[in-house]
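Since the structure comes first, as structure tokens, the remarks are kept for the end.
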Amino acid sequence: MKRLLSFILILSALLLPQNGDCCTSAIFSGKVTADGRPIIWKNRDSGTNHNRVVYIPAGGDIKYSFIYLSNSKESPAEAWSGVNSAGFSIMNTVSYNIRQEGDETPESMMDKEGIVMYKALATCRTLEDFEKLLDGLQAPYGLETNFGVIDAAGGAAYYEVNNYGWLKFDVNEAPEGYIIRTNYSFSGAENKGQGYVRYDNASKLIKDILSSGEKIDVRFIMDGLSRSYWQSQFGLDAISSGCHLFVDRDFIPRRSSVGVTIVQGVNPGEDTSECVFWCALGYPPAAQIVPMKVGAGDIIPEDMLGSGNNNFSAACERSLRRKADIFSLNFNDGHKYVDLDKVRPIMKEIRESEDKIFDNFAPQFNREQIKAFYEAIEIR
């Protein structure tokens, strides 16, 4: 019966439209989080598999020190999410429906999101600073994106940005206490873009936990969102359904997923050194999440940093090897199928390793405490 169910679900999934390399994200206000502080989350999808964490100290044109997610090979400097010493955090998702009709900006001038985020982390303290940065860009901006931003002054918002302007969506005004964005903009062309199913997946999973009386925390985001195989089109969780194989399409984690970042911010008046940059490098179900603090400076686990000629991260490399096993079916188009029988034990092992992290880490750790914490844990 399980084999028949798997076959039916796979056949049905093959009929669904394809999505490109995209991302899933959300910003949660303190109204819905376990500790009352804002959280910003990004499940990153990209054609670049190799990621690393980078720390940049303040100095010169760098007004604030910051920690961020980078491609292993980066030129020019680009950030794909991060947080700075002022408590300012930013991430993005590409939008495929926000370009204005008649905009013929050549592709050679596009894809500047990473450059803008790097500059924002280096120079911005508040949402207002970021808005000034956007207003100072020369049109066409080279942007088609939803930027998600939080600051230490209580600001939290998405900015839907195209080549000639932007529109702000304030998370603090959202009746649910959070906002989700995938790969379309609410201010963009209707019924265009990508990520509608992933939006529905995330929306259902978040609503379920909040309606149960629980609050949002890092562990739920990692396990309940970034590693979730809930598929709203079918109304089932492929992991718990007992499926062996499933077409890798429209889950939040997909073959194109290359990392997770979750930033725990602070509330007005709190110490910005307590902001935490949680990061998992590689395919989320096969990657362990690690907390890092910009307030701890360059005290970052070596496995999360780049090394060697290619700047590859050891943690990312381990996840990529697990991912290769998960997507190892040896037949034509076999790479499009996720082997859930291999995912289950990998996720179990990683979650058990993370127990020690979640049980023993505190945002209040100073440099010496976080150094000792890293020495006591294993990054799998």
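Kindly indicate whether any position in the stretch 344-351 is over 23 Å from the mean Cα position of the chain (by Cα) and over 17 Å from Arg318 (Cβ atoms).
Checked the stretch 344-351: no residue is over 23 Å from the mean Cα position of the chain (by Cα) and over 17 Å from Arg318 (Cβ atoms).
Would you tally the residues in the stretch 221-237 being more than 14 Å from the chain's Cα centre (by Cα) and closer than 27 Å to Ile27 by Cβ?
Filtering the stretch 221-237 for residues more than 14 Å from the chain's Cα centre (by Cα) gives 229-237.
Still in the running and closer than 27 Å to Ile27 by Cβ: 229-233, 235, 237.
Number satisfying all stated conditions: 7.
Filter the stretch 57-97 down to the residues that are among the basic types (Lys, Arg) and farther than 17 Å from Gly306 by Cα and list them by number.
Going residue by residue through the stretch 57-97, those that are among the basic types (Lys, Arg) are 63, 73.
If the condition is that a residue be among the basic types (Lys, Arg) and farther than 17 Å from Gly306 by Cα, then Lys63 is the only one that fits.
Identify all residues within the stretch 150-175 that are part of a strand (DSSP E or B) and either out of contact with any Ser or Thr (no Cβ under 7 Å at 6 or more places or on another chain) or farther than 29 Å from Val32 by Cα (or both); write none if there are none.
Result: Ala157, Tyr158, Tyr159, Asn162, Gly165, Trp166, Lys168, Phe169, Asp170.
Condition check ((1) of a type in the set (Gly, Ala, Ser); (2) surrounded by fewer than 24 Cβ atoms within 10 Å (Cβ to Cβ); (3) closer than 28 Å to Ser65 by Cα) across all residues:
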site	(1), (2), (3)
Phe234	no, yes, no
Asp237	no, yes, no
Ser241	yes, yes, no
Val260	no, no, yes
Pro268	no, yes, yes
Ser273	yes, yes, yes
Gly282	yes, no, yes
Pro285	no, no, no
Val294	no, no, yes
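Considering every residue within the stretch 193-200, establish whether at least one is in a loop (DSSP other than H, G, I, E, B), out of contact with any His (no Cβ under 7 Å at 6 or more places or on another chain), modelled with pLDDT of 95 or more and under 30 Å from Phe234 (Cβ atoms).
Residues of the stretch 193-200 that are in a loop (DSSP other than H, G, I, E, B), as a first pass: 193, 195.
Subset that is out of contact with any His (no Cβ under 7 Å at 6 or more places or on another chain): 193, 195.
Now narrow it down to the ones that are modelled with pLDDT of 95 or more: 193, 195.
Adding the requirement that they be under 30 Å from Phe234 (Cβ atoms) leaves 193, 195.
Yes; the residues of the stretch 193-200 include at least one that is in a loop (DSSP other than H, G, I, E, B), out of contact with any His (no Cβ under 7 Å at 6 or more places or on another chain), modelled with pLDDT of 95 or more and under 30 Å from Phe234 (Cβ atoms).
Would the stretch 325-339 turn up any residue that is among the charged types (D, E, K, R), part of a loop (DSSP other than H, G, I, E, B) and over 30 Å from Pro57 (Cα atoms)?
Yes, some residue in the stretch 325-339 is among the charged types (D, E, K, R), part of a loop (DSSP other than H, G, I, E, B) and over 30 Å from Pro57 (Cα atoms).
Could you give me the residue pairs with C-beta distances under 6 Å whose first residue belongs to the stretch 117-130 and is within 17 Å of Pro57 (Cβ to Cβ), whose second residue is surrounded by fewer than 22 Cβ atoms within 10 Å (Cβ to Cβ) and of a type outside the set (A, V, I, L, M) wherever it lies, and which are 6+ apart or on separate chains?
Tyr118/Glu78; Thr123/Lys63
Which count do you get for residues in the stretch 265-302 that are in contact (Cβ under 8 Å) with a residue 60 or more places away in the chain, under 25 Å from Thr24 (Cα atoms) and either among the basic types (Lys, Arg) or in contact with a strand residue (DSSP E or B) (Cβ under 7 Å, 6 or more places away or on another chain) (or both)?
Qualifying residue count, the stretch 265-302: 17.
So is Leu210 in contact with a helix residue (DSSP H, G or I) (Cβ under 7 Å, 6 or more places away or on another chain), touching a residue at least 40 places away in the same chain (Cβ under 8 Å), more than 15 Å from Leu340 (Cβ to Cβ) and outside any loop (DSSP other than H, G, I, E, B) or not?
For Leu210, the condition - in contact with a helix residue (DSSP H, G or I) (Cβ under 7 Å, 6 or more places away or on another chain), touching a residue at least 40 places away in the same chain (Cβ under 8 Å), more than 15 Å from Leu340 (Cβ to Cβ) and outside any loop (DSSP other than H, G, I, E, B) - is not met.
Please work out which residue is surrounded by the fewest Cβ atoms within 10 Å (Cβ to Cβ), limiting yourself to the stretch 91-148 and to residues that are aliphatic (A, V, I, L, M) and outside any helix (DSSP H, G or I).
Checking each candidate, the answer is Ala139.
Can you tell me how many residues in the stretch 255-290 are farther than 21 Å from Glu349 by Cβ and outside any strand (DSSP E or B)? I'd like the intermediate steps shown before the answer.
So in the stretch 255-290, the residues farther than 21 Å from Glu349 by Cβ come out as 256, 261, 263-277.
Those still in the list that are outside any strand (DSSP E or B) too: 256, 265-275.
Within the stretch 255-290, residues that are farther than 21 Å from Glu349 by Cβ and outside any strand (DSSP E or B) number 12.
The values are calculated or read from the model by the stated rules, or taken from the named source; none is laboratory data. Values in this document were obtained by computation on a predicted structure and should not be read as measured data. Neighbour counts are summed over all protein chains in view; Cβ atoms, including those assigned to glycine, are modelled from backbone coordinates with ideal geometry.
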